[in-house]
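As structure tokens, the structure follows; a few thoughts come after it.
The values are calculated or read from the model by the stated rules, or taken from the named source; none is laboratory data. This structure is a prediction, so every number in the text was calculated from the model and none was measured. Don't worry about glycine lacking a Cβ; one is built from the backbone with ideal geometry, like all the others, and counts go over all protein chains shown.
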Amino acid sequence: MTTNVLEVRNLTKSFKGFTAVSGVDLQVRRGSIHALIGPNGAGKTTCFNLLTKFLEPTTGTILFNGIDITREKPAQIARRGVIRSFQISAVFPHLSVRENVRIGLQRQLGTAFQFWRSERSLDVLDARAMALLDEVGLTEFAETTTVNLPYGRKRALEIATTLAMEPELMLLDEPTQGMGHEDVDRVTQLIKKVSAGRTILMVEHNMNVVSSIADKITVLQRGAILAEGPYAEVSKDPRVMEAYMGTADAELQGAH
């Protein structure tokens, strides 16, 4: 097995003359939490869309476990174990919390598209669904209709449904966006907990989150890598502090 689960070389994406991602080289080490940060418009989400093939790169190479996946489709990449959660909570609001996780688990049965099957055929997944809910602290909410979950708990559910897909690499897109302090702390600890034995690449604005759990940080600015390394090193980089001047500089300082 290669040391790096994901390797990106010279990744570039241009839209009609505008370069959103420019010559990005990225190595995500197996078993690490790697954070992608940067000011608004830095190209973080575009980068994620390229890695999960929702966008095709203009140039560059993406290697997963040493295999070139640059031209593969999103579904192929998901089957390889690259699973992404989205900024907006991607769950079925009118199903129960347990049923949402069970849908994620259906992939293992190979019945994902067999809608005529009896719902009882999914009962075998209940024990695993409950184990995943326990892992993310949602056991007591198992039969709650998802629409009634507090926002922070919905994000925990989304992490559970992502885990149900058995990811080798989890891509988390702004997992704490729009949360109050208590939810941010809970979800941060949850990410740390579920990272055991897994690899996580996350886009995150909150510097307190990044400083507390990320092993390595890549800072993007205008689509290019500005700095890279552990938080203690990156946060002191004058170029990074300048890039964050104004809105996020206080966050950078406050996270020390």
* Asked: Within the range 54-72, is there a residue that is buried (at least 17 other Cβ atoms within 10 Å of the Cβ) and among the basic types (K, R)?
  -> no
* To do: Would you check if there is a residue in the range 77-89 being more than 26 Å from P150 (Cα to Cα) and without any contact (Cβ under 8 Å) to a residue 24 or more places away in the chain?
  => yes
* In the range 218-227, is there at least one residue being touching a strand residue (DSSP E or B) at 6+ places or on another chain (Cβ under 7 Å) and closer than 26 Å to E166 by Cα? -> yes
* To do: State whether the residues of the range 17-37 include one that is modelled with pLDDT of 90 or more, in a loop (DSSP other than H, G, I, E, B) and more than 20 Å from the chain's Cα centre (by Cα).
  => no
* Residues (free of Cβ contacts under 8 Å to residues at least 12 places away in the same chain and not in a helix (DSSP H, G or I)) located in the range 189-219 -> A196
* When both residues are 6+ apart or on different chains and their Cβ atoms are under 7 Å apart, which pairs have a first residue that lies in the range 169-185 and is in contact (Cβ under 8 Å) with a residue 60 or more places away in the chain, and a second that is assigned to a loop (DSSP other than H, G, I, E, B) and surrounded by 22 or more Cβ atoms within 10 Å (Cβ to Cβ)? -> E174/E204; P175/E204
